[in-house]
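The values are calculated or read from the model by the stated rules, or taken from the named source; none is laboratory data. This is a predicted model, so every value here is computed, not measured. Glycine also receives a Cβ, built like all others from the backbone with ideal geometry; neighbour counts cover every protein chain displayed. Only protein heavy atoms, including side chains, enter the accessible area calculation; ligands, DNA and RNA are left aside. Shrake-Rupley method; radii C 1.70, N 1.55, O 1.52, S 1.80 Å.
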Amino acid sequence: MSPPAARTLAAWELRVHLGAHPVLYPLIRGLGYLRPVQRIPGLGILVSEAGLLREVLMDNERFVKHGPSASGGLWTPVVGPKALLNMDGAEHHDMRRLLSGVFTARAVAGIVEPAAARLRGHLAREVPAGRRVDLVAAVKELSGGVIARILGLADDAPGRLPDRDLFDIGTSITSQVRLGRHALTAPQIAKARTAVGLLAGPARAAYREGNGGTFPGRLRELGMTEEEALGVVSAFVIVGTETLVSFIPRIVALLHDAGLVPELATDRSALPAAVNEGLRYTVPSPMMLRDAVAPGTLGGVRFRPGDRLLLSTVHAAKSLGGFDPARQVPGHARQLWFGAGAHFCIGMPLAMAQINSTLESLLELYAQQPWRIAARKVKRRVLIPGYDTLELARA
Ligand code: HEM
């Protein structure tokens, strides 16, 4: 990559982070360089080094996710106690085991492909005709289409909401969370419960129908109760939307800014490494939270039961260096952006299918009709950093 391209790329990524967290981002990165573990009064214990992050994530005896100030606990009043991301121990392990066969390649294709085909068609129609396409809006549609399938809604289901509306309902649940806030307020819980209620209707109907071709029907076949299946469906809608709407436009911007698109359009062999490096460099889920339930020492800092740990994935991953698809990531940091241990991202196959299908469509299009980024705007004051708009136009 040429030095000017590297500078443009890094400048946009920095703007994305600063747009979301103008004070916290520089603070957390600065503190990360200062010490691997440190107590921040009023916030918790900040952990910034990849090996120590992994140590916490792998230790389910001393650190839990369902505690009152860890992220899992935040969701319990909204989605109930059995939503995977707020469970720990044997119960969580049993549910993960039940779900282990749920994302076969065929099942993932069934969930992603209908919406991916709509996105492909949209790009192929609009860009060659000289019209701009906002990739952020397009990925929101994709994500809404995936939500529809997770709820068990067929494309032609009577009264089915449009993809964009489904996305907006999903995002109205997550958009209320802010870093540093330990719990949702009563009005936020009420708003989020209304949204979950809207989505639960079709999922419950699909579960009761018991057709294994739908996602809720498959959960029933696996032996889940209705309450468990609805918890899992809600978890997938909550966790799976914002991260992808953040990441997909950002990886497209990275590949574009690095000047890699023309080469990838004719030869895809370097694409998997570039996507993986893009995940490391952008860290779509920048922070994980845990509650300590036993005393101990981490990186020389003592912790007590009740302490909140802020796991700074964003520093642990980004401090390895600038965007470089040829990078060899050290073992202890590998895939840390998808977590580690018991709570490792269960939606990764679904995420990768949406990422890869969108990139394939864009590269296929580029081979026919080269495009460029014509305009972009970063999001301001949001939990998950990203672009607000990323407009593609005929080159
Ligand atoms: C680029 C996209 C994504 C990234 C970077 C990402 C990242 C993560 C991370 C870091 C965790 C672990 C959190 C923790 O340990 O506290 C996680 C968990 C989870 N992810 Fe993802 N995720 C992505 C996409 C998705 C998608 C598309 C879905 C589902 C549709 C999903 C569903 C989940 C669920 C349900 C969990 C909780 C698992 C558990 O607690 O057992 N994720 N994800």
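Residues satisfying the criterion are present in segment 297-310 (criterion: touching a residue at least 40 places away in the same chain (Cβ under 8 Å) and either touching a Pro at 6+ places or on another chain (Cβ under 6 Å) or more than 20 Å from Asp59 (Cβ to Cβ) (or both)). Answer yes or no: is there a residue in segment 253-268 that is touching a residue at least 12 places away in the same chain (Cβ under 8 Å) and within 13 Å of the ligand (Cβ to nearest atom). No: segment 253-268 contains no residue that is touching a residue at least 12 places away in the same chain (Cβ under 8 Å) and within 13 Å of the ligand (Cβ to nearest atom).
Considering segment 7-17 alone, what residues qualify as being aliphatic (A, V, I, L, M) and buried (at least 16 other Cβ atoms within 10 Å of the Cβ)?
We begin by selecting, within segment 7-17, every residue aliphatic (A, V, I, L, M); these are 9-11, 14, 16.
Across segment 7-17, the qualifying residues are Leu9, Val16.
Ser246: surrounded by 15 or more Cβ atoms within 10 Å (Cβ to Cβ), within 22 Å of the chain's Cα centre (by Cα), outside any loop (DSSP other than H, G, I, E, B) and modelled with pLDDT under 90, yes or no?
On the way: surrounded by 15 or more Cβ atoms within 10 Å (Cβ to Cβ): yes; within 22 Å of the chain's Cα centre (by Cα): yes; outside any loop (DSSP other than H, G, I, E, B): yes; modelled with pLDDT under 90: no.
No; evaluated as a whole, the condition is false for this residue.
Condition check: more than 14 Å from the chain's Cα centre (by Cα), more than 10 Å from the ligand (Cβ to nearest atom) and over 18 Å from Val16 (Cα atoms). Does Ala273 satisfy that? For Ala273, the condition - more than 14 Å from the chain's Cα centre (by Cα), more than 10 Å from the ligand (Cβ to nearest atom) and over 18 Å from Val16 (Cα atoms) - is met.
Just checking, does segment 259-276 include any residue being at pLDDT 95 or above and in contact with a Lys or Arg (Cβ under 8 Å, 6 or more places away or on another chain)? So far as segment 259-276 goes, no, none of its residues is at pLDDT 95 or above and in contact with a Lys or Arg (Cβ under 8 Å, 6 or more places away or on another chain). The numbered conditions (1) away from the ligand (no atom under 16 Å from the Cβ); (2) part of a helix (DSSP H, G or I); (3) under 21 Å from the mean Cα position of the chain (by Cα) are all true for Phe236 except (1).
Name the single residue that is least open to solvent (accessible area, probe 1.4 Å) among those in segment 26-38 being more than 12 Å from Ala316 (Cβ to Cβ) and touching a Leu at 6+ places or on another chain (Cβ under 8 Å). Steps first, answer last, please.
We begin by selecting, within segment 26-38, every residue more than 12 Å from Ala316 (Cβ to Cβ); these are 26-27, 30-31, 34-35, 38.
Now restrict to residues that are touching a Leu at 6+ places or on another chain (Cβ under 8 Å): 26, 31, 38.
On the way: Pro26: 62, Leu31: 36, Gln38: 13 Å².
Checked segment 26-38; the qualifying residue least open to solvent (accessible area, probe 1.4 Å) is Gln38.
Looking only at segment 184-194, decide whether some residue is within 16 Å of the ligand (Cβ to nearest atom) and touching a residue at least 24 places away in the same chain (Cβ under 8 Å). No, every residue in segment 184-194 fails to be within 16 Å of the ligand (Cβ to nearest atom) and touching a residue at least 24 places away in the same chain (Cβ under 8 Å).
How many of the residues in segment 276-305 are of a type outside the set (S, T, N, Q) and within 16 Å of the ligand (Cβ to nearest atom)? The number of residues fulfilling the criteria is 15. Checked against the criteria, Leu363 counts as more than 14 Å from the chain's Cα centre (by Cα) and open to solvent by less than 40 Å² (accessible area, probe 1.4 Å).
Yes/no per residue for (1) open to solvent by 40 Å² or more (accessible area, probe 1.4 Å); (2) among the hydrophobic types (A, V, I, L, M, F, W, C); (3) in a helix (DSSP H, G or I):
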| site | (1), (2), (3) |
| --- | --- |
| Lys191 | yes, no, yes |
| Val196 | no, yes, yes |
| Ala203 | no, yes, yes |
| Tyr207 | no, no, yes |
| Pro216 | no, no, yes |
| Arg220 | yes, no, yes |
| Glu227 | yes, no, yes |
| Leu230 | no, yes, yes |
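The conditions of being within 23 Å of Pro4 (Cα to Cα), of a type outside the set (Phe, Trp, Tyr), in a helix (DSSP H, G or I) and open to solvent by 40 Å² or more (accessible area, probe 1.4 Å) are not met by Ala274. Just the residues that are away from the ligand (no atom under 11 Å from the Cβ), assigned to a strand (DSSP E or B) and at pLDDT below 95, please, taken from segment 43-66. Once the filter is applied, which keeps residues that are away from the ligand (no atom under 11 Å from the Cβ), assigned to a strand (DSSP E or B) and at pLDDT below 95, segment 43-66 yields only Gly44.
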